[in-house]
């Protein structure tokens, strides 16, 4: 592939997750060549004509990249590429690994491309979630919903999907980091009802992931700002009422919010500004929890 700057990316009308992801990968992860590239749409399988490229986009064929259409480098509809291991996004990702070898260590991006590949080959029908109505909240379904709302606005659909992929990439990065933090920094401790986890990190995804992993209670101390967040699994019998009453006496200057469910005790949230962080250490809170709920050491 010519390594010069590209002025135009071409994909098909009504772009699906694979087409949108391919454009997103080029523009976000090969920004030197593609950040300012415009996007044009053609019928599936077609290429843009030189006349249209010159007239509408002021570019020549060597400045154009087709994705998920046109039977070129980044299309997978040729017989020799028509297997379950290939889609337009995987072809673009393979190209990115060549021009930016460090991207092979971007595991969040790898996970996203794996999902796109599975969806492009209809593998999502085997997901347990596919049987539930909440499956409509998955990204490829939302893209399809966007298409139903405005079937002729390709550009709007593309930008909706790209913004969603930006969010998915940020969240995937946070989740993988949370997994690493739990394994390397998590402090396991027990109370009478079961195992709990303490964490000192800025990664807020870690507290949710700890509950997903089965920890009854998760405590996160923000390593930079000092805020504390304490959550109990929704299916747990215990509540944090005893802890709330004890902690406001010990740490009265901090801003505390006790949720009516009894499952959350929060000192710090992006939803609430100008809060006073807790002066309590993570170890101190863990000892207090053990004293109030059993298994004190």
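The values are calculated or read from the model by the stated rules, or taken from the named source; none is laboratory data. These numbers come from a predicted model, not from an experiment. Glycine also receives a Cβ, built like all others from the backbone with ideal geometry; neighbour counts cover every protein chain displayed.
Exactly one of (1) modelled with pLDDT of 95 or more; (2) in contact with a helix residue (DSSP H, G or I) (Cβ under 8 Å, 6 or more places away or on another chain); (3) over 17 Å from residue 161 (Cβ atoms); (4) surrounded by 15 or more Cβ atoms within 10 Å (Cβ to Cβ) is unmet by residue 118. Its number?
With respect to (1) modelled with pLDDT of 95 or more; (2) in contact with a helix residue (DSSP H, G or I) (Cβ under 8 Å, 6 or more places away or on another chain); (3) over 17 Å from residue 161 (Cβ atoms); (4) surrounded by 15 or more Cβ atoms within 10 Å (Cβ to Cβ), residue 118 is out only on (3).
Does residue 22 count as surrounded by 19 or more Cβ atoms within 10 Å (Cβ to Cβ), touching a residue at least 12 places away in the same chain (Cβ under 8 Å), in the same structural domain as residue 159 (by TED's automatic domain parsing) and in a helix (DSSP H, G or I)? Before the answer, list the steps.
Numbers: surrounded by 19 or more Cβ atoms within 10 Å (Cβ to Cβ): yes; touching a residue at least 12 places away in the same chain (Cβ under 8 Å): yes; in the same structural domain as residue 159 (by TED's automatic domain parsing): yes; in a helix (DSSP H, G or I): yes.
The answer is yes for residue 22.
Can residue 8 be described as surrounded by 18 or more Cβ atoms within 10 Å (Cβ to Cβ) and either at pLDDT below 95 or under 25 Å from residue 160 (Cα atoms) (or both)?
Details: surrounded by 18 or more Cβ atoms within 10 Å (Cβ to Cβ): yes; either at pLDDT below 95 or under 25 Å from residue 160 (Cα atoms) (or both): yes.
Here the answer is yes, as residue 8 does meet what is asked.
Does residue 65 fit the bill of being part of a strand (DSSP E or B) and in the same structural domain as residue 143 (by TED's automatic domain parsing)? Don't jump to the end; show me each part of the working.
On the way: part of a strand (DSSP E or B): yes; in the same structural domain as residue 143 (by TED's automatic domain parsing): yes.
Yes: the conditions hold for residue 65.
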